[in-house]
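Peer 1: This is the structure, below, for whatever I ask next.
Readers should treat all values here as calculations from the given coordinates under stated rules, not as data from a laboratory. Everything numeric here is computed off the predicted structure, so don't read it as measured data. Because the Cβ atoms are built from the backbone with ideal geometry, glycine has one as well, and the counts that use them run over all protein chains shown.
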Amino acid sequence: MKINIGNFNGNIYNTMRSAGYHPDRFQREGKKSFSRSLLGDRYPRFHVYYTQEDKKMDIHLDHKAPKYENAPDHGAQYSGSLVEKEVERLKDFFKN
């Protein structure tokens, strides 16, 4: 699910930490990646990609880790009530 944070000019790292997210160890070029655990373990977790140029975030819920290295299939959920609630919660952190 996509989030447009339009006029946000703050520090993305500080804001995401305030929302309970931490930067992921591995980052994709041009995107910053953050995650927040739901149960205190690595999975399930909310996973967010932030693109600074267009100030948009893409969020999904990872249910489990990929089975194989470099495998994209990881049981992600891109919509639904949990994702929608998290989107609304995150929007509160980016209000000016």
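Peer 1: Give K2/K95; K56/K91; K64/K95 a once-over and call out the pairs whose C-alpha atoms are over 23 Å from each other.
Peer 2: K64/K95
Peer 1: Report the trypsin sites (Lys or Arg not before Pro) located in the stretch 1-87 that are in a DSSP loop and have at most 13 other Cβ atoms inside 10 Å of their Cβ, or state none.
Peer 2: Within the stretch 1-87, the qualifying trypsin sites (Lys or Arg not before Pro) (loop, at most 13 other Cβ atoms within 10 Å) are R25, R28, R42, K64, K67.
Peer 1: Just want the ordering: D62, D41, from fewest to most Cβ atoms lying within 10 Å of their own Cβ.
Peer 2: Placing the least packed residue first, the sequence is D41, D62.
Peer 1: Here's a follow-up. How big is the dipole moment of the chain about its Cα centre under a simple scheme where the beta carbon of each Lys and Arg is +1, that of each Asp and Glu is -1, and everything else is neutral? Debye, nearest 20, please.
Peer 2: Dipole about the Cα centre, nearest 20: 200 debye.
Peer 1: What is the distance, in nm, between label points placed 7 Å from the Cα along the Cα-to-Cβ direction at K67 and at K95?
Peer 2: Distance between the two pseudo-spin positions: 4.4 nm.
Peer 1: Taking the Cβ of each residue in S37, S18 as the centre, tally the other Cβ atoms inside 10 Å and list the residues starting with the fewest.
Peer 2: The most exposed by this proxy come first: S18, S37.
Peer 1: Between helix 81-93 and the chain, what is the angle of the helix's C-alpha long axis to the longest principal axis, kept within 0 to 90° and rounded to the nearest 10?
Peer 2: Taking Cα atoms only, the helix is inclined about 30 degrees.
Peer 1: Hey, what D do you get for the stretch 2-93 in µm²/s if you plug the Kirkwood alpha-carbon radius into Stokes-Einstein at 37 °C and 0.692 mPa s?
Peer 2: 241
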